[in-house]
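The values are calculated or read from the model by the stated rules, or taken from the named source; none is laboratory data. Because the structure is predicted, anything quoted here is derived from the model rather than measured. Neighbour counts are summed over all protein chains in view; Cβ atoms, including those assigned to glycine, are modelled from backbone coordinates with ideal geometry.
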Amino acid sequence: MRSGTTGVFKCAPVRSGVSLPRFTQSPSRNSDSEVGTSVVSFQLAGLPRAFRPAAGPETITCRCQFHLDASLQKFSMSDQEKNQSIIEELTRAYWMELETVLNYLANSVNLDGVRAEEIKKSLAADVTEELNHASQLANRIKTIDGVIPGSEHFVASQKTLQPPADTTDVVTVIKGVIDAEEAAIAQYEKIIRLCDGFDFVSQDLCITLLADEQQHRREFVGFLKEYEKN
Ligand SMILES: [Fe+2]
Ligand SMILES: [Fe+2]
């Protein structure tokens, strides 16, 4: 069993005339430390009537001292639940890679003009690399007992990477690529944290993929510098 912590917050509102008692808020904090401070937003509707102001904002933000309460100390996520959440995040990353393949491929062919040549070459090379990422993710999902979904489950999200109407608009494509790489970086960082201390192989895979995405982003940030000058 993996455990997180939850506990009792002693709250000192920073932005309200409301005075809060020791108040149970769980499990908005997930930490191994037993004491600390945390900024917590409370929905006033969830507070006892005595602590609700007659009028005012619907939420208040408090800086809270956090103490573990023995009775509330543990919330547990079973190994199975943890594994399932890793499968879900790996699957999200898998779809992101495949959407990137679609859009890099389209942009690597659509663009026109002398200025576009380097970008087209780079995108074409990345198509192979991103497809390889998707393939590695699929294999990992299978290894940890997940099922790789079919296209019916695909939901597109890369708005800024859609091929521009003006096929010489290289800058828009470069910016879209940077957005896609940043989204991939954020997703791999999320999985790396999720896997910590639990699934070292998925974590290792995502660290490798993260390094690749950082390199891609850097390359296109360099392109943007140059292309925005002209
Ligand atoms: Fe990738
Ligand atoms: Fe990438």
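Brief remarks on what is shown
- Of all residues in region 201-230 being of a type in the set (Lys, Arg) and over 13 Å from residue 183 (Cα atoms), the one that is nearest to the chain's Cα centre (by Cα): 218
- Against the numbered list (1) at positive phi; (2) assigned to a helix (DSSP H, G or I), residue 145 comes up short only at (2).
- With respect to (1) in contact (Cβ under 8 Å) with a residue 24 or more places away in the chain; (2) farther than 21 Å from residue 98 by Cα, the lone exception for residue 222 is condition (1).
- Among the residues of region 180-203, some residue qualifies, meaning at least one is β-branched (Val, Ile, Thr), assigned to a helix (DSSP H, G or I) and within 10 Å of ligand 1 (Cβ to nearest atom).
- Residue selection: residue 168 satisfies the criterion of being touching an Asp or Glu at 6+ places or on another chain (Cβ under 7 Å), in a loop (DSSP other than H, G, I, E, B) and either surrounded by 13 or more Cβ atoms within 10 Å (Cβ to Cβ) or in the same structural domain as residue 87 (by TED's automatic domain parsing) (or both).
- Some residue of region 139-156 being within 15 Å of ligand 2 (Cβ to nearest atom) and surrounded by 12 or more Cβ atoms within 10 Å (Cβ to Cβ): no
- Selection status of residue 104, within 14 Å of ligand 1 (Cβ to nearest atom), within 19 Å of the chain's Cα centre (by Cα), of a type in the set (Ser, Thr, Tyr) and under 22 Å from residue 215 (Cα atoms): no
- Selected residue [at pLDDT 95 or above and farther than 22 Å from residue 206 by Cβ] from 148, 144, 119, 86: 119
- Every condition in (1) closer than 15 Å to residue 86 by Cβ; (2) buried (at least 19 other Cβ atoms within 10 Å of the Cβ) is met by residue 189 except one, and the failing one is (2).
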